[in-house]
1. Would you mind telling me which numbered condition in (1) assigned to a helix (DSSP H, G or I); (2) modelled with pLDDT under 95 Ile75 fails?
2. Could you say whether any residue in region 58-79 is under 30 Å from Met163 (Cα atoms) and hydroxyl-bearing (Ser, Thr, Tyr)?
3. Which condition does Thr83 not pass, out of (1) modelled with pLDDT of 95 or more; (2) surrounded by 14 or more Cβ atoms within 10 Å (Cβ to Cβ), if it passes all the others?
4. Inspect region 51-63 for any residue being closer than 30 Å to Asp136 by Cα, crowded, with 17+ Cβ neighbours inside 10 Å and of a type in the set (Lys, Arg) and give the result as yes or no.
Amino acid sequence: MGRASPLPPDARRQTIIAATRPLLIASGTQFTTRQVAEAAGVAEGTIFRVFESKQDLLTAVIEDALDPADLCARIRDTPPEPTLAGRVSSLITLLREDIGAINAMVSALHVTPSCASPTHRGHQPAHQHRALAVRDALIDALAPFAEQVRVPLPQAAAVIRAMAMASGHPMLADPDLKDPATLAEVIVDGIHTTSEESNADQAD
C-alpha cells in the first residue's frame, strides 16, 4: 500500500490547529506538542515546520477560534423557517454554540494567566471585527422577514446577539430562558401585552 499523499500546507496547518483546540480546553497551555502531533496524526517535527514555537501555535488556535468566517457561513446557511420566531430561535442556537466554545477556551487560558492574558488582550481588535461580521450575517439571515421587524435590521441583529450572549453566559444564564424558542418568542413579541391579549387572559 502506498503512502498517503501529504496534506497541502494550509490543510496541514488547519489540521494541527483543530487537534490543538481540545487539548487546550482540557489542559490549558500545559499541553505538549507531542500530544498535538498524536492527535493530528503528524510527526512532532512537522508542527515546528508549520509553527515557529508552541506560543505561535497557541496564538494561531486563538485566532482561529475568533475568526468569524465559519460562524457567519452557518448563520447565512440557516435552513428556511416559516416564521420569524423560528428563524430567531435557530440563530440563537448557533450563537450559543459558538459562545460556549469560546467560553471554554477562555476558561482554559485563565488556568495560566501569565501566558494567556497578554495574548487575549492583544486580540481585542479581532473581537470588534468579529462582532461586525456576525452582525452583518445576522442581518442577511433576518432579511427575508424584514417586513415583520419594526426596528432596523442592524438593531434587531444586535439585540439577538446580545441576548444570545447573555443567556449563554454561565454566570448570567437563566433557566427560564434556556429554551431558544422561549427566548426567541420574548425577542420577537416583547414583554408588552396588548389589550386584546390581556382581556383574553382574564377571560381564561
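The values are calculated or read from the model by the stated rules, or taken from the named source; none is laboratory data. Computed from a predicted model, the values in this text were never measured in an experiment. So basically every Cβ, Gly included, is an ideal-geometry build from the backbone, and we count neighbours across all protein chains shown.
1. Looking at each condition in turn, Ile75 falls short on (2).
2. yes
3. (2)
4. No, because not a single residue in region 51-63 is closer than 30 Å to Asp136 by Cα, crowded, with 17+ Cβ neighbours inside 10 Å and of a type in the set (Lys, Arg).
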